[in-house]
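Down below is the structure, laid out as C-alpha cells.
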Amino acid sequence: GKAAKVGGAPKKMSATVRDRMSIRDYLTEVFTHALRTAFPDLEDKTAAVAPTNEKYVAKFGDYQCNDAMALCKIYKDKGVKKSPLEIAQSLADVVNKELASNPNLAKVVDKIEVAKPGFVNVFLSRVYAGEQLKDIVLNGVQPPSLDKRLRVVVDFSSPNIAKEMHVGHLRSTILGDAICRLLEYLGHDVVRLNHVGDWGTQFGMLIAHLQDTYPDYLTKSPPIADLQAFYKQSKKRFDEDETFKKRAYQCVVSLQKFEPDYKKAWDMICDVSRRDFQKIYDRLNVTLTERGESFYQKHMEELVPYLEKKGLLELDDGRKIMWGDDRGLIPMTIVKSDGGFTYDTSDMAALKHRIEHEKANWVVIVTDLGQGVHFKLLGECGKKAGFLDPNKTRLDFVGFGVVLGEDKKKFKTRSGDTVKLSELLDEGLRRSLDKLKEKNRHTELTPTELSEAQQAVAYGCIKYADLSHNRNLDYVFSFDKMLDDRGNTAAYLLYAYTRIASIVRAAGVNIDDLVKSAHTTPVSLEHPKEFALAKTLLRLNDVLTLVTRDLCLHHLCEYLYDVSTAFSEFYDNCYCIEKDEAGKIKKVHTGRLLLAEATARVMKKCFDILNINTVHKM
Ligand code: ARG
C-alpha cells in the first residue's frame, strides 16, 4: 500500500462560502478538511454530509456528518482501535477550531455537536438563513456562482421519422428538456439536439413508394396525411415484391449520395413527421434543434478510415466491428456486410462531432434504459478511438424505464395500438377540465382563467408524473393518479403554489411595497416552523447540485413537495394576517409575508426548471 503520511503542518482550509452556494457542498468541503486534518493517514478520503431527517432537525441539527462509523471500520481493519464517538469528537474539534477562527464558517454555522454513536451535528445560523431569504426576496432566486461554464450537448426526444412518436419519446422529451432547463439556469451553454432517426434503409422503400404514389412529387408537395399507413404500405410492397425491393435499395444508394431528386423525396417525407413532432413540442413548450442521423453521413464515411488507421476495426463475417472493453459482450457494428452504416456508426460519428466540432465538455443522451449497453459501448469505443477523454468531456447516458399502462403492461390503447401522443395530451386536457368543473371552478374563474388552469394542470401533471418518478424505474401512467390533488402531484402542488401566492394578495399588501420592506423588516424566523421552512428553502441549491450530479429530476420534485409541506406546517401554526370578527384585516405580519413570498419564489423556480406553468388563479 501507500506509505501513510503522518504529521506535517495541517493545511489551511480552502473551503469558502461562495454566493448562494449549496450549503451541503460547503459543509462537505469543511468536513473533508476536518477529516484530512484529524486523520492525515486518510488523506484521499472525502467526508459525507447530509441533511438531517426532517423529524429530528430540532434535536440533531440541520446537517449531519456520519463518517465516524465508516472511519472506525477502516481503522479496525488496519488493527487500530478508535471508537466512532472518539472519531466524531476529533472531527468536531477541528471544525470547532475553524469555527472560532474563521468568520466565513461562523457566518453559516451556529454550532456543532457530537452525538452518540458518532454523529457530528451541524446547526445552521438563523442570521445566515435570514440573510439568504432576504436576498431571495430582494433579488429573486439566483443560481449559485458557477465554477466553470460548460458547453453541454443534450441529445433528447429523438423520435424516428415515419414512425409513431410514442410515450418513450415523451419521457425522453420531458426529462431532457428539464435537464436542459436546469443546466441553462445554472449558466451553462446548452445545445439541445433532436437526434431524429431519419436515415437508414427504410427510406429507400419510402422513396420508391412515394415515386409510385405521387409521381409529381417534385413539383407538388405530396398530401400524405397518415405517414404511418404510408410506411405500412411501402413495407408490405418491400416484403412481397422483389423488383420493388431492388428499387428500394437503389433509392438508398442514391439518397446517401444526396442525389437531388432523392434528397427532395426524403425531405418531403421527413417534413410530414416533422410537422407532427413540432405540434407536440409546441404543446409542451419544448424547443429543440433537429440534427438527425442523416447529418452524420459524411462523418460516418470519414469515421471508417479513421478507426481503421488506428487498427480498431476487425473483420467479422463481412462486417467491420469494433470491440469495447469487454470482448465477452457484443461489439459495435461500424460497417454492415452490405457496406451500409448502423445506429452504432451514427452514434460514434455523432459523439466525435459533438466533442470535436461542437466543443462539448459534456454530452448527455436521454433514451430508454434498453439502450444502456449500446451507450456503455459507445463510451468505451469513444475512449479507445481517442476522441473521448473523460478528463475533458463528461458523457452521461440518462436512461429511463418503460412507461406502463394501469394494467402494468406496456402502455397501449385498449385495442392494443401505440397511443398517439396528440390524443394522450387531448385526453389530459379533457380530464383536467372535468376535474376543475368537479370542483366548481368554472363558476368562479373567467373562461380565460379556466382555460389557463386547464392547460397548466393537464400538461403540468403529465410532465410531473414523469419527472417525479425515479427515471431508472418503470412507471405506471395513470391520469387518475396524476390528477389527484392530494399527495405529490402537480395538481396538488399547483394548488399549493396558487394559494401561497395569493396570501400576499389577500393581505392587501402591494407586492413592490412588500419587497421594499425586506430592506428594513427581517424575515420572521423566531417560530420553529418558520425556521424549519426557511431551512427547507435554503436547501434548493443543495438539490440542484445533486441533480446536476446524477441527472435524476425526482430529487427536485421531492424537494418541491417538501417545501409545500413545510409551508403548510408554518401556515397552520403562524398567522400571516389577523382579522377581526367582521373579517377586516387587523394586523399584517410583514416578516411572515416575506417568508411566504420567498416560498412562492422558490416554488416558482422549481416549476420553471421542470417547465410547468403556474397560474394565478385556479
Ligand atoms: N431514435 C432513437 C429511438 O427512438 C433514439 C436516439 C437517441 N440518441 C442517440 N444518439 N442514439 O430510440
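The values are calculated or read from the model by the stated rules, or taken from the named source; none is laboratory data. Since we're looking at a predicted model, the values are computed, not measured. Virtual Cβ from ideal backbone geometry, glycine too; neighbours counted across all protein chains shown.
Considering only residues that are surrounded by fewer than 17 Cβ atoms within 10 Å (Cβ to Cβ) and within 15 Å of the ligand (Cβ to nearest atom), look in region 343-368 and name the one that is nearest to residue 170 (Cα to Cα).
Only one residue fits best here, namely 368.
Filter the strands (runs of 3 or more DSSP E) completely within region 307-361 down to those with at least 2 residues that are of a type in the set (Lys, Arg).
319-322
Got at least one residue in region 414-425 being modelled with pLDDT of 95 or more, within 13 Å of the ligand (Cβ to nearest atom) and within 18 Å of residue 176 (Cβ to Cβ)?
no
Quick one: which residue in 137, 141 is modelled with pLDDT of 95 or more, assigned to a loop (DSSP other than H, G, I, E, B), out of contact with any strand residue (DSSP E or B) (no Cβ under 6 Å at 6 or more places or on another chain) and not basic (Lys, Arg)?
Details: 137 fails: assigned to a loop (DSSP other than H, G, I, E, B).
On inspection, the qualifying residue turns out to be 141.
Just need a number here: residues in region 537-595 that are without any contact (Cβ under 8 Å) to a residue 60 or more places away in the chain and on the phi > 0 side of the Ramachandran plot.
Of the residues in that region, 1 qualify.
Need the failing condition index for residue 203 against (1) assigned to a strand (DSSP E or B); (2) within 16 Å of the ligand (Cβ to nearest atom); (3) among the aromatic types (Phe, Trp, Tyr), just the number.
It fails just one condition, (1).
Quick one: would you say residue 57 is under 33 Å from the mean Cα position of the chain (by Cα), assigned to a helix (DSSP H, G or I) and at pLDDT below 95?
Values: under 33 Å from the mean Cα position of the chain (by Cα): yes; assigned to a helix (DSSP H, G or I): yes; at pLDDT below 95: yes.
Judged against the criteria, residue 57 is a match.
Going residue by residue through region 159-167, is there one that turns out to be within 16 Å of the ligand (Cβ to nearest atom), in a helix (DSSP H, G or I) and not hydroxyl-bearing (Ser, Thr, Tyr)?
Yes.
Kindly indicate the residue of region 263-306 that is in a helix (DSSP H, G or I) and of a type in the set (Gly, Ala, Ser) and also modelled with the highest pLDDT among those meeting that condition.
294
Can we say residue 376 is within 16 Å of the ligand (Cβ to nearest atom) and either closer than 24 Å to residue 170 by Cα or within 24 Å of the chain's Cα centre (by Cα) (or both)?
Working: within 16 Å of the ligand (Cβ to nearest atom): yes; either closer than 24 Å to residue 170 by Cα or within 24 Å of the chain's Cα centre (by Cα) (or both): yes.
Yes, satisfied.
So residue 185 clears everything in (1) within 25 Å of residue 276 (Cα to Cα); (2) touching a helix residue (DSSP H, G or I) at 6+ places or on another chain (Cβ under 8 Å); (3) assigned to a helix (DSSP H, G or I) except one condition, right? Which one?
(1)
How many of the residues making up region 473-484 are touching a residue at least 24 places away in the same chain (Cβ under 8 Å) and either in a loop (DSSP other than H, G, I, E, B) or of a type in the set (A, V, I, L, M, F, W, C) (or both)?
Total meeting the criteria: 7.
Would you confirm whether or not region 486-498 contains a residue that is surrounded by fewer than 16 Cβ atoms within 10 Å (Cβ to Cβ) and modelled with pLDDT of 95 or more?
No, the conditions are met nowhere in region 486-498.
Identify, please: which residue in region 125-158 is closer than 30 Å to residue 201 by Cα and of a type in the set (Ser, Thr, Tyr) and is, among those, nearest to the ligand (Cβ to nearest atom)?
Going through the qualifying residues, I end up with 158.
So residue 224 ticks every box in (1) within 16 Å of the ligand (Cβ to nearest atom); (2) buried (at least 18 other Cβ atoms within 10 Å of the Cβ) but one. Which box is left unticked?
(1)
For residues that are more than 22 Å from residue 199 (Cα to Cα) and surrounded by 15 or more Cβ atoms within 10 Å (Cβ to Cβ), scanning just region 319-342, find the one that is farthest from the ligand (Cβ to nearest atom).
Step one: of region 319-342, the residues more than 22 Å from residue 199 (Cα to Cα) are 323-330.
Now restrict to residues that are surrounded by 15 or more Cβ atoms within 10 Å (Cβ to Cβ): 323-324.
Working: 323: 19, 324: 16 Å.
The selected residue is 323.
May I ask you to list the residues in region 206-241 that are without any contact (Cβ under 8 Å) to a residue 12 or more places away in the chain, part of a helix (DSSP H, G or I) and of a type in the set (Gly, Ala, Ser)?
Within region 206-241, 229 is the sole residue that qualifies.
Going residue by residue through region 67-77, is there one that turns out to be in a loop (DSSP other than H, G, I, E, B), among the acidic types (Asp, Glu), farther than 30 Å from residue 233 by Cα and more than 16 Å from the ligand (Cβ to nearest atom)?
Let us first name the residues in region 67-77 that are in a loop (DSSP other than H, G, I, E, B), namely none.
Looking through region 67-77, none of the residues is in a loop (DSSP other than H, G, I, E, B), among the acidic types (Asp, Glu), farther than 30 Å from residue 233 by Cα and more than 16 Å from the ligand (Cβ to nearest atom).
When you check residue 303 against the structure, is it over 20 Å from residue 183 (Cβ atoms), crowded, with 19+ Cβ neighbours inside 10 Å, more than 14 Å from the ligand (Cβ to nearest atom) and of a type outside the set (Asp, Glu), yes or no?
yes
Take the residues in region 389-413 that are more than 14 Å from the ligand (Cβ to nearest atom) and hydrophobic (A, V, I, L, M, F, W, C), then tell me which one is surrounded by the most Cβ atoms within 10 Å (Cβ to Cβ).
411
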